[in-house]
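Accompanying notes for the structure given below.
The values are calculated or read from the model by the stated rules, or taken from the named source; none is laboratory data. All values reported here derive from a predicted model rather than from experimental measurement. With ideal geometry, Cβ positions are generated from the backbone for all residues, glycine too; neighbour counts draw on all protein chains shown.
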Amino acid sequence: MYFYSGTGGVLGIRSGTPYTALAAWRTATGVDANAIFSNPLFINPAGASNAINLHLSAGSPADAAGSGANTLVIDYDNETRANLTPVDIGADAFSGAPPVINSFSPTSGGAGTLVTISGSNLTGATIVRFGGTVASSFTVVSPSTITAVVGNGSSGSVSVTTGGGTASLAGFAFLPAPVVSSFSPTAAGTGATVTISGSNFTGATVVRFGGTAASSFTVVNASTITAAVGSGASGAVTVITPGGTDSLLGFTFIPGPVIGSFTPVTAVTGTTVTITGNNFTGTTAVSFGGTAASSFTVVNATTITAVVGSGASGSVSVTTPGGIASLAGFSFIAAPVINSFTPVSGGTGTTVTITGNNFYGYHCGKFWRNGCQFVYGSQCYDDNCCGR
């Protein structure tokens, strides 16, 4: 094989005379009678250094075109030359059987996905591509199996190139990695819904807040996910799809409030109740038996003072951005109501009957009479009647 670098078109020089044609060179030298002048059809003579392949392609005119030299059993890169007829002194050995791809699995994946390619005549593979993009790495496991790692490819055919040629099989779908661009709100507690915006979310399998899985999530479309915060932690919001993983820092987990106690446990409208617990910072609502407090003050992260409104018995509840806490045991005492009394006049010692509502638990009227069962400071026995 002759190779000449330059622009003069000179094939060779003998005794100072340049020769530009192969026939003239043969005549002048009297040798190289079996030389040919043609494109050798290398598999891949140019490109990236890790992709260059100077083996001859199947059907190359340079294959077995010279004189036999049977004493040579290997070619320049140590491949057996026994399959060449005749065994040229300068010919390059290659597998004449073209590769065949029967299947590959999985049929879709993102960068870094390991794909198993099944077929035949895969020995000596030099290049594997996904959608025209070279695999980041591959291993020829056997003549019938190759495992290859998807690079930053594209959808299309899976192809394998060997000394015998190139085989392709359509049907590979490249899945781009997800991209998390933003999320809102950036701070939330257990149960809060966070909207995540970005791209390539289709097929998402996992959403995490600060490393803890969301309690649930919905892929609204390729660019939006809504996810419910679990018992998470501060850190990054992460989305995982078959195409890869992406994260965005900046999420703050707000722990839910905890009510340890409150005092007093019974009260009327206008009473100030002190609530003790944890994580009260940012409290947005306080209620007594389901009715909102008329006002409240967050003293610190462990204490709230709240004024009872026109409430009801039941639980004391505190709402913060981190969630809601409740503690049962509160009794609301409704204000007394006087509907009537009789007689409407009387002197010392006269018994007056007062009729109304909500008298139980209250002091009766300011009647002082020695021996009366309902003296000032005692309690009524009947919710509707004080007196006898």
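Descriptive notes on the structure:
- Screening residue 294 against (1) among the hydroxyl-bearing types (Ser, Thr, Tyr); (2) surrounded by 13 or more Cβ atoms within 10 Å (Cβ to Cβ); (3) within 12 Å of residue 316 (Cβ to Cβ); (4) more than 40 Å from the chain's Cα centre (by Cα) leaves a single unmet condition, (3).
- Check on residue 312, of a type in the set (A, V, I, L, M) and either surrounded by 15 or more Cβ atoms within 10 Å (Cβ to Cβ) or not in a strand (DSSP E or B) (or both): yes
Rundown of residues vs (1) surrounded by 13 or more Cβ atoms within 10 Å (Cβ to Cβ); (2) in contact with a strand residue (DSSP E or B) (Cβ under 7 Å, 6 or more places away or on another chain); (3) modelled with pLDDT of 95 or more, yes/no style:
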residue	(1), (2), (3)
304	yes, yes, yes
318	yes, yes, yes
322	yes, no, no
325	yes, yes, yes
355	yes, yes, no
358	yes, yes, no
366	no, no, no
375	yes, no, no
387	yes, yes, no
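- Segments classed as strands (runs of 3 or more DSSP E), wholly inside the range 91-204, with at least 3 members that are surrounded by fewer than 17 Cβ atoms within 10 Å (Cβ to Cβ): 100-105, 114-120, 137-142, 165-174, 179-184, 193-199
- Residue ID - farthest from residue 176 (Cα to Cα), chosen from residues in the range 143-154 that are hydroxyl-bearing (Ser, Thr, Tyr) and at pLDDT 95 or above: 144
- Of residues in the range 251-277 being β-branched (Val, Ile, Thr) and assigned to a loop (DSSP other than H, G, I, E, B), the one surrounded by the most Cβ atoms within 10 Å (Cβ to Cβ): 254
- Looking only at the range 104-127, residues that are at pLDDT 95 or above and within 29 Å of the chain's Cα centre (by Cα) come to 8 in all.
- Scanning the range 216-244 for residues that are surrounded by fewer than 19 Cβ atoms within 10 Å (Cβ to Cβ), more than 16 Å from residue 186 (Cβ to Cβ) and at pLDDT below 95 returns 230, 231, 242, 244.
- Answer from 326, 340, 331 - the residue that is assigned to a strand (DSSP E or B), without any contact (Cβ under 8 Å) to a residue 40 or more places away in the chain and of a type outside the set (Val, Ile, Thr): 340
- Qualifying residue in the range 130-151 (condition: of a type in the set (A, V, I, L, M, F, W, C), outside the structural domain of residue 247 (by TED's automatic domain parsing) and over 24 Å from residue 244 (Cβ atoms)): yes
- For the range 167-174, the criterion of being in the same structural domain as residue 135 (by TED's automatic domain parsing) and touching a Lys or Arg at 6+ places or on another chain (Cβ under 9 Å) is met by at least one residue.
- Taking the range 117-138 as the range and being hydrophobic (A, V, I, L, M, F, W, C) and either touching a helix residue (DSSP H, G or I) at 6+ places or on another chain (Cβ under 8 Å) or under 19 Å from residue 98 (Cβ atoms) (or both) as the test, the residues that pass are 117, 122, 125, 127, 128, 138.
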